[in-house]
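One structure is given below, encoded as structure tokens.
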Amino acid sequence: MADKSSVSKLFDLSNKVAIVTGSGRGLGETMAHGLAAAGASVMICAQTQANVERVAAEISKNGGNAAWTIVDIRNRANCQRLIDETVAKFGRVDVMVNNAGIDIIGPAEDVTDEAWDQVISINLKGYFLCSQIAARQMFAQRSGGSIINISSICSVIGVRGLTSYSAAKGGVNQLTRVMAVEWAERGIRVNAIAPGYFENVMQGATDEHARSEKQKHVIAFTPMARRGRPEELIGPVLFLASNASSYVTGEVLFVDGGYTAQ
């Protein structure tokens, strides 16, 4: 029988170590704060030093434990260094949140090779590299772990102007499922969170989301009739990072106000 104490411990991340890529701003920053508040030591990483320094300092000020580093997840050596620095600082890796991403918006007929490669290399290849290297560390620890990939509603619906981004996120869903199947017996769970339209806007999409027509579309097609608040991702990421989801792997959890339920 479950009691109050055992239920509260389900979401406890004390003595766990988490990495959140793209955590210098936006949704990644919010998730990093949530993981730290649940007891995890968190490695803050992105490409802008001022941002990661600020987030790590804020977590420490709030009583959490955080460190920061600069990383370009398109590069295998960078991803390896990220894992190595985390282990050197905190001793292990238990949770890998792949969140870093960019968006380049434009008609499919105008997508350049450069734009395609940039989006795919960050939003898909980078997720694979970080997951693979983190999993190898988790294998060595022999204590399992949780990998959480941030996908998107664009992984399953068509949105004008998001050719490369949607292709990458569709790939993230399948990457999640295959890694989940391959690594389940060794105790690593791999899941994805697919946000809908949130108040935070990804790098490269600011102008598009500033249009009044876009906002009207979001409100009209989201059953909850609003954008998500960044803090509404804390619950889902804590669930998938913790023992609360100990029998959950290979899933894509849509956090979209009902957008894809229609």
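So the values come out like this:
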item: Residue selected from segment 135-154 under the condition in a helix (DSSP H, G or I) and more than 14 Å from the chain's Cα centre (by Cα), by the criterion farthest from Ala184 (Cα to Cα); result: Cys154
item: Subset of segment 77-91 [within 25 Å of Ser246 (Cα to Cα) and either buried (at least 17 other Cβ atoms within 10 Å of the Cβ) or among the β-branched types (Val, Ile, Thr) (or both)]; result: Ile83, Thr86, Val87, Phe90
item: One residue from Gly28, Gly24, Gly34 being in contact with a strand residue (DSSP E or B) (Cβ under 9 Å, 6 or more places away or on another chain), under 24 Å from Asn123 (Cβ atoms), small (Gly, Ala, Ser) and assigned to a helix (DSSP H, G or I); result: Gly28
item: Of residues in segment 167-186 being more than 21 Å from Pro236 (Cβ to Cβ) and in contact (Cβ under 8 Å) with a residue 12 or more places away in the chain, the one surrounded by the most Cβ atoms within 10 Å (Cβ to Cβ); result: Ala167
item: Within segment 2-21, considering residues that are of a type in the set (S, T, N, Q) and outside any loop (DSSP other than H, G, I, E, B), the one surrounded by the fewest Cβ atoms within 10 Å (Cβ to Cβ); result: Ser5
item: Residue in segment 102-113 that is acidic (Asp, Glu) and at pLDDT below 95 present; result: yes
item: Segment 94-123 - residue that is of a type in the set (A, V, I, L, M) and assigned to a helix (DSSP H, G or I) and, of those, surrounded by the fewest Cβ atoms within 10 Å (Cβ to Cβ); result: Ala108
item: Residue among Phe198, Phe221 that alone is surrounded by 19 or more Cβ atoms within 10 Å (Cβ to Cβ), farther than 15 Å from Asn98 by Cβ and modelled with pLDDT under 95; result: Phe198
item: Filter pass, Gly39 being farther than 26 Å from Ile120 by Cβ, part of a loop (DSSP other than H, G, I, E, B) and modelled with pLDDT of 95 or more; result: yes
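The values are calculated or read from the model by the stated rules, or taken from the named source; none is laboratory data. These figures come from a predicted structure and were not determined experimentally. As a convention, Cβ positions derive from the backbone with ideal geometry for all residues, glycine included, and neighbour counts pool all protein chains shown.
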